[in-house]
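The values are calculated or read from the model by the stated rules, or taken from the named source; none is laboratory data. Keep in mind that what you see is a predicted model, and the values were worked out from it rather than measured. Every residue, glycine as well, gets a Cβ built from its backbone with ideal geometry; the counts of neighbours run over all protein chains shown.
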Amino acid sequence: MGKLRTAFLYCRVSTAEQDNGAQEAELRRYAEGRGWAVKQVFRDKASGAANSRPALDELMTRCKRREAGAVIVWRFDRFARSVSHLLSALQTFRELGIEFVSISEQVDTSTPTGKLVFTVLGAVSELERSLIAERTRLGLQHARRRGKTLGRPPIRKLTAGEIEKVRADRATGKFTLRRLAQKYKTSLWAMQMATAELKG
């Protein structure tokens, strides 16, 4: 037998009423079957879309210190909030020499098949990014050919008559600069310049 591997287990349920127990039991059985020692279990009760999950954040911090040799999860969507998030985490694990196991998808990066799945996921993600960039580029080119102005619209200059009206509106005390900018369809900065003398 090789060197005993230590593993972190990660469980997540979406609501406080749900329990992590079933997931944890499965993860422990898997680790035992592989002969891996469970170093710590990280448990979150949060939505999968949450950008920050305390237990997951701590797990990633501990992994960066190389405190375990493997991370075991029940399912991809219990661990990652998106494909890009999953691939980013897997890339981090690979650079650190940490194996990743998802029991439901039967992905284990310590095996040749698991490494292949990771490579395919990475290729698909890269293809998706390339397609989005290409569609954006073609869309911009098409807009330019049709004479559309791209980017933020220029600030509309106020006429002398409009400036007088702006100052009269402002003097009533009923209009904020933001409301004046909306009324005259120009920028907040233009309103500040038009009413500068009033402040004096």
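Here are the numbers for the structure shown:
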{"quantity": "Residue list for the range 65-79, filter: outside any helix (DSSP H, G or I) and surrounded by fewer than 20 Cβ atoms within 10 Å (Cβ to Cβ)", "calculated": "Arg65, Arg66, Glu67, Arg75"}
{"quantity": "Qualifying residue in the range 86-99 (condition: of a type in the set (S, T, N, Q) and either within 24 Å of Thr15 (Cβ to Cβ) or touching an Asp or Glu at 6+ places or on another chain (Cβ under 8 Å) (or both))", "calculated": "no"}
{"quantity": "Identity of the residue in the range 189-200, part of a helix (DSSP H, G or I) and farther than 12 Å from Val166 by Cα, that ends up modelled with the highest pLDDT", "calculated": "Trp189"}
{"quantity": "Counted residues, the range 60-86 - those being under 21 Å from Gln106 (Cα atoms) and more than 12 Å from the chain's Cα centre (by Cα)", "calculated": "12"}
{"quantity": "Neighbours by Cβ (under 8 Å, 6+ apart or cross-chain): first from the range 103-114, of a type in the set (A, V, I, L, M, F, W, C); second modelled with pLDDT under 80", "calculated": "Val107/Gly114; Val107/Val117; Val107/Phe118"}
{"quantity": "Tabulated pairs, the range 2-18, first farther than 17 Å from Gly33 by Cβ, second of a type in the set (Gly, Ala, Ser) and modelled with pLDDT under 85, C-beta under 6 angstrom, 6+ apart or interchain", "calculated": "Ser14/Ser47"}
{"quantity": "One residue from Arg94, Arg81, Arg65 being assigned by TED's automatic domain parsing to the domain that holds Gly21, within 18 Å of Val41 (Cβ to Cβ) and without any contact (Cβ under 8 Å) to a residue 60 or more places away in the chain", "calculated": "Arg65"}
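To keep it simple, each residue is scored yes or no on (1) at pLDDT below 95; (2) farther than 22 Å from Phe93 by Cα; (3) acidic (Asp, Glu); (4) assigned to a strand (DSSP E or B).
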| position | (1), (2), (3), (4) |
| --- | --- |
| Lys3 | yes, no, no, no |
| Phe8 | no, no, no, yes |
| Arg12 | yes, no, no, yes |
| Ala16 | yes, yes, no, no |
| Asp19 | yes, yes, yes, no |
| Ala22 | yes, yes, no, no |
| Ala25 | yes, yes, no, no |
| Glu32 | yes, no, yes, no |
| Asp44 | yes, no, yes, yes |
